[in-house]
Amino acid sequence: MALNKNQIAQRIAQELQDGYYVNLGIGIPTLVANYIPQGISVTLQSENGLLGIGPFPDKDNVDADLINAGKQTVTALPGASFFDSATSFAMIRGGHVDLTVLGAFEISEKGDIASWKIPGKMVKGMGGAMDLVASAKNIIVATTHTNRDGESKLLKNCTLPLTGVNCVKKIVTDLAVLEVCEQGFKLLERAPGVTVDEIKKATEGKLIIEGEIPEMNL
Amino acid sequence: MNKIVKNTQEAIKGIKSGMTLMLGGFGLCGIPENVIKALADSKINDLTCISNNAGVDDFGLGVLLRDKQIRKMIASYVGENKEFERQFLSGELDVELNPQGTLAERIRAGGAGIPAFYVPAGYGTEVAIGKEVREFNGKMHLMETALTADFAIIKAKYADAAGNVVYNNTANNFNNMMAMAGKITIVEVEEIVPVGELNPNHIHTPGIFIQRVFKGEVFEKRIEFATTK
């Protein structure tokens with residue numbers, strides 16, 4: 001069975017390591033915070049100027065001056081800090097953030113990503129995504145394998161305006177975990193009950209399958 | 001030195017149609033809502049506005065957009081504003097979208113006297129069109145230029161008559177850099193405190209960058225997505 005959004009987040013959380021500074025994008029990536037493995041310490045960065053994001057507040061503690069990059073009200077953990085946007089992007093551009101998790105409309109087999117604009121239809125803007133993908137040491141994309149019309153989001157070449165080139169390292173979808181390598185999308189894991197054939201059918205770009213592909217461990 | 005002005009009307013003196021304005025805030029957090037309201041009432045138009053976002057349809061910069069007072073927007077993310085998207089897609093509004101960190105740094109550079117700089121963000125994308133590309137340390141970078149404004153309009157929690165400013169939580173965001181990049185910088189605050197009360201160790205924006213201080217009449221401080229446990 002294909003994973004739901006929470007399960008995608010749960011699988012990505014397994015990539016976290018003790019001491020990591022992590023930037024989580026809007027959507028599925030935000031959910032990763034709910035699955036940080038016990039026993040490790042991860043600090044979440046929000047590009048609007050917060051290091052040390054805490055849980056969502058109680059109803060009585062909602063603060064208009066304390067939000068995340070998705071403009072949701074949050075809290076700040078003990079040891080958190082606030083700063084301006086230039087400092088925030090110095091953290092990102094300067095390579096101080098260990099891992100970036102973000103969503104995408106399309107990813108190419110070369111690691112290009114498109115996530116901010118559908119010409120003539122939708123323009124949200126790139127926000128911090130272009131800065132993040134151009135500078136992060138490690139980038140994981142969290143997405144469904146296909147779009148609403150059932151078309152693959154893992155392509156030979158992106159068709160939509162790009163957010164960044166040659167930058168995506170890993171992709172966790174509802175069907176699979178894949179690594180972007182020189183030759184294309186290397187299949188690492190399958191969602192429980194999903195066959196290699198189903199993944200093949202849902203992947204337009206070059207899929208590399210070596211040996212037995214294990215199921216994800218959730 | 002006393003930089004305190006009486007009210008919003010006095011604060012916006014000299015802002016004219018056709019000018020370039022910077023407006024602080026991220027989403028609706030830390031936006032100068034009293035000045036925005038006054039600009040909406042003023043009918044000043046043909047403005048170029050530099051702001052990370054464009055408010056929502058009926059609050060913040062969204063109100064100026066709705067009334068067609070803005071000719072050009074320089075921003076990074078406008079997803080929360082349907083009217084913005086409509087004007088953009090129909091070509092009524094001139095829009096320059098910047099990667100958020102590039103936008104922040106262009107403003108910082110403008111205030112810091114740095115005319116241009118190189119960043120990797122946007123290389124290989126449509127943001128790179130028309131920009132000088134240069135390789136540093138094996139990685140491709142784009143040359144980006146500084147931004148300044150006729151007026152920078154920011155919002156803070158506290159200020160004193162000397163113009164020293166303290167922000168609250170994530171309401172700092174673009175305000176600190178914009179303070180440096182305005183020919184005239186106006187700060188609207190929730191509270192004016194006596195000179196000497198702010199601990200010099202804890203001041204976010206030193207008074208030299210600020211020309212006018214006033215206490216905002218009303219702060220609605222609207223929340224875009226109130227999210228609780």
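Among strands (runs of 3 or more DSSP E) entirely within the range A:164-211, having at least 1 residues that are out of contact with any His (no Cβ under 7 Å at 6 or more places or on another chain) and without any contact (Cβ under 8 Å) to a residue 40 or more places away in the chain singles out A:176-181, A:184-190. Would the range B:191-212 turn up any residue that is of a type in the set (Asp, Glu), within 21 Å of A:Ile92 (Cα to Cα) and either open to solvent by less than 30 Å² (accessible area, probe 1.4 Å) or more than 9 Å from every other protein chain (Cβ to nearest Cβ) (or both)? Checked against the condition, which is being of a type in the set (Asp, Glu), within 21 Å of A:Ile92 (Cα to Cα) and either open to solvent by less than 30 Å² (accessible area, probe 1.4 Å) or more than 9 Å from every other protein chain (Cβ to nearest Cβ) (or both), the range B:191-212 yields no hits at all. Of the helices (runs of 4 or more DSSP H) that lie entirely inside the range B:61-112, those containing 2 or more residues that are open to solvent by 20 Å² or more (accessible area, probe 1.4 Å), in contact (Cβ under 8 Å) with a residue 40 or more places away in the chain and of a type outside the set (Val, Ile, Thr) span B:100-112.
Within the range B:181-205, the set of residues being over 14 Å from B:Ala161 (Cβ atoms) and out of contact with any strand residue (DSSP E or B) (no Cβ under 7 Å at 6 or more places or on another chain) comprises B:Asn199, B:Pro200, B:Asn201. For the range B:44-64, give me the residue count where each residue is farther than 18 Å from B:Glu10 by Cβ and over 11 Å from the mean Cα position of the chain (by Cα). Total satisfying the criteria: 13. Considering the range A:142-163, the residues that are among the small types (Gly, Ala, Ser) and in a strand (DSSP E or B) include one that is farthest from the other protein chains (Cβ to nearest Cβ), namely A:Ser152. Scanning the range B:156-172 for residues that are within 11 Å of another protein chain (Cβ to nearest Cβ), over 26 Å from B:Lys16 (Cα atoms) and surrounded by 24 or more Cβ atoms within 10 Å (Cβ to Cβ) gives B:Tyr167, B:Thr170, B:Ala171, B:Asn172. There is at least one residue in the range B:41-59 that is among the small types (Gly, Ala, Ser), assigned to a helix (DSSP H, G or I), open to solvent by 10 Å² or more (accessible area, probe 1.4 Å) and away from chain A (no Cβ under 12 Å). Listed by first and then second residue, the pairs linking a residue in the range B:191-210 that is under 16 Å from B:Ile4 (Cβ atoms) to a residue that is in a loop (DSSP other than H, G, I, E, B) and open to solvent by 100 Å² or more (accessible area, probe 1.4 Å), with Cβ atoms under 8 Å apart and 6 or more places separating them unless they lie on different chains, are B:Gly207/B:Met1. The condition of being under 18 Å from A:Thr163 (Cα atoms) and at pLDDT below 95 holds for only one of B:Gly79, B:Gly124, that being B:Gly79.
The values are calculated or read from the model by the stated rules, or taken from the named source; none is laboratory data. Computed from a predicted structure; not experimentally measured. So basically every Cβ, Gly included, is an ideal-geometry build from the backbone, and we count neighbours across all protein chains shown. Side chains are part of the model used for accessible areas, which takes the heavy atoms of the whole protein and leaves out ligands, DNA and RNA. Shrake-Rupley method; radii C 1.70, N 1.55, O 1.52, S 1.80 Å.
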